[in-house]
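Report on one structure; see the data block that follows.
The values are calculated or read from the model by the stated rules, or taken from the named source; none is laboratory data. Predicted model, so just to flag it, every value in this text is computed and none were measured. Here the Cβ positions follow ideal geometry from the backbone for every residue, glycine too, while neighbour counts run over all protein chains shown. SASA here: full protein model, heavy atoms, side chains in, ligands and nucleic acids out. Shrake-Rupley method; radii C 1.70, N 1.55, O 1.52, S 1.80 Å.
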Amino acid sequence: MASTIQTVTEQTQTLNVSGSHPIRHALSDVVKTDDWSDFEFKPIREATVSRAMTSRYFKDLDKHAVSDVVIIGAGSAGISAAYTIAKNRPDLKITIIEQNVSPGGGAWLGGQLFSAMIMRKPAHLFLEEVGVEYEDEGDYVVVKHAALFTSTVLSKVLQFPNVKLFNATAVEDLVTRNDPKTGELTVAGVVTNWTLVSLHHDTQSCMDPNVIELTGYKNDGTRDESVTHGIVLSTTGHDGPMGATSAKRIASIDKTKSLGGMRALSMNESEGRLVRHSGKYDGINSIHFAGMEVAELDGLNRMGPTFGAMAVSGIKAAEGILKHFA
Ligand code: 48N
């Protein structure tokens, strides 16, 4: 049974079923006689386009140089967390760093390049919150195309004024600090570089990175107790050239932790457990995990082409971060 949300397509189809086929489009009032022969855009200089892009980009980079929440990876877990945090706390500065040009990670398709996306209940409640239509199959639901889920959540996340996505940008490492007073090790930011640069460090002379810092520190690196310190949420997915970045760094820092590595596929054993393991990393401050990177960190089973745990682990991690800032 499809849910009752009527899509734009259905509305348009209803219009055309009436028998008349009026052609209306965004430019109908501009191109009155549907004669496009003298159509033209407003004039512009090339430098104007360059300045419009670069001025905004570098203003954003300056504004987000110190952020309340840095989310590494804009896959299904990262964008579900970003949506939940931004919706609850429009005052927090949220920065998403995505190494790919296209955000969305592995959630543009279901399994083996098939279109449909499966989510086991109760993850369907997130679909209802963001307004994604689904077919209800009892214990699970089916979104007709995974891209419908990802594009819908992405479009909502990108519309929040307090969220900035830096895509085509890789997190190469974490920034850490030992608290001068307590000696406690804390994650204090992320190390970034253009992804194309990160992929070619060994083919060029050294290309130093940039840094995005978390809120809550003074110039001398000590904690500014008047400000709630920021949080890094790492959702970089499966291990790979860029993936599981924070999990690998944390395992190299925390001598009590070895990288678990993702285990064999078991849907029923994996999804609930991954959600329960998502959230704050115990032992090192200010780093939280969600999505498949949790499986890499803690050695959990993979679930294959069901995405409920990605959305819900992002929501659970977001809840923990919201409690931190409460
Ligand atoms: O979609 P992913 O890879 O990761 P998740 O955890 O959001 O969702 C995982 C999900 O798609 C599955 O793998 C499904 C459920 N399959 C399970 C299974 O058994 O196989 O998104 C991670 C994002 C991607 O967009 C990467 O490009 C990005 O993170 N990323 C990074 N971005 C910046 N810096 C990095 N170092 C980095 N590493 C990965």
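Cα gyration tensor of the range 67-325, axes a ≥ b ≥ c as square roots of the eigenvalues: rounded (a/c below 1.5), prolate (a/b > b/c) or oblate?
On the way: a/c = 1.57, a/b = 1.49, b/c = 1.05.
Prolate shape, in that a/c is at least 1.5 and a/b is the bigger ratio.
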ask   = Considering the chain as a Gaussian network with a 10 Å cut-off on Cα pairs, which listed residue, ALA295, ALA309, ALA52, attains the greatest mean-square fluctuation?
value = ALA52
note = In the chain, taking the dipole from +1 charges on Lys and Arg beta carbons and -1 charges on Asp and Glu beta carbons about the Cα centre, the listed residue (GLY304, VAL132, PRO122) farthest towards the positive end is PRO122
ask   = Pick from SER270, SER226, SER252: which residue has the top mean-square fluctuation in a GNM of the chain where Cα pairs under 10 Å get a spring?
value = SER226
key: Degrees between helix 76-88 axis and first principal axis of the chain (Cα, 0 to 90, nearest 10)   = 90 degrees
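Please list, by residue number, every one of the trypsin sites (Lys or Arg not before Pro) in the range 40-120 that is coil in DSSP and has at most 11 other beta-carbon atoms within 10 Å. Please list the in-between numbers first.
Values: sites: ARG45, ARG51, ARG56, LYS59, LYS63, LYS87, LYS93, ARG120; in loops: ARG45, LYS93.
Here the sparse-neighbourhood loop sites are ARG45.
LEU199 to SER258: extension gain in nm, 0.36 nm per residue of separation minus the Cα-Cα distance?
Details: separation 59, 0.36 × 59 = 21.24 nm, distance 2.56 nm.
Result: 18.7 nm gained on full extension.
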key: Rounded tilt (10° steps) of 8-17 against the dominant C-alpha axis of the chain   = 10 degrees
key: Rounded to the nearest 10 Å², the accessible area of VAL70 at probe 1.4 Å   = 0 Å²
message = Can you give the FRET efficiency to the nearest 0.05 for LYS42 and ASP91, using r as the Cβ-Cβ distance and R₀ = 30 Å?
response = 0.20
query = Computed FRET efficiency, Cβ-Cβ of ASN178 and HIS324, R0 22 Å: what is it to the nearest 0.05?
reply = 0.60
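Could you compute the FRET efficiency for ALA116 and ASP224, with r as their C-beta to C-beta distance and R0 at 45 Å, rounded to 0.05? Don't skip to the end; give the middle numbers.
Numbers: r = 48 Å, r/R0 = 1.08.
For ALA116 and ASP224, the calculated efficiency is 0.40.
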remark   = Residues other than LYS32 with Cβ under 15 Å of its Cβ, Lys/Arg counted +1 and Asp/Glu -1, net out at -4
query = Pairing the Cα long axis of helix 308-325 with the longest principal axis of the chain, what angle in degrees results, from 0 to 90 and rounded to the nearest 10?
reply = 60 degrees
request  = With springs only between Cα atoms under 10 Å apart, run a GNM on the chain and tell me which of PHE160, PHE149, PHE289 wobbles the most.
outcome  = PHE160
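Is it possible to state the helix-based mean residue ellipticity at 222 nm for the chain, with each DSSP H run of 4+ residues giving -39500 (n - 2.57), the sum divided by total residues, to the nearest 500 deg cm²/dmol? What is it?
Details: 10 runs with 111 residues, N = 326.
For the chain, the value works out to -10500 deg cm²/dmol.
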ask   = Just how large is the dipole of the chain about the Cα centre, in debye to the nearest 20, putting +1 at every Lys and Arg Cβ and -1 at every Asp and Glu Cβ?
value = 540 debye
inquiry  = Taking 22 Å as the cut-off for C-alpha to C-alpha distance, list the pairs among LYS156/LYS316; LYS121/LYS257; LYS121/LYS316; LYS248/LYS280; LYS280/LYS323 that go past it.
reply    = LYS121/LYS257
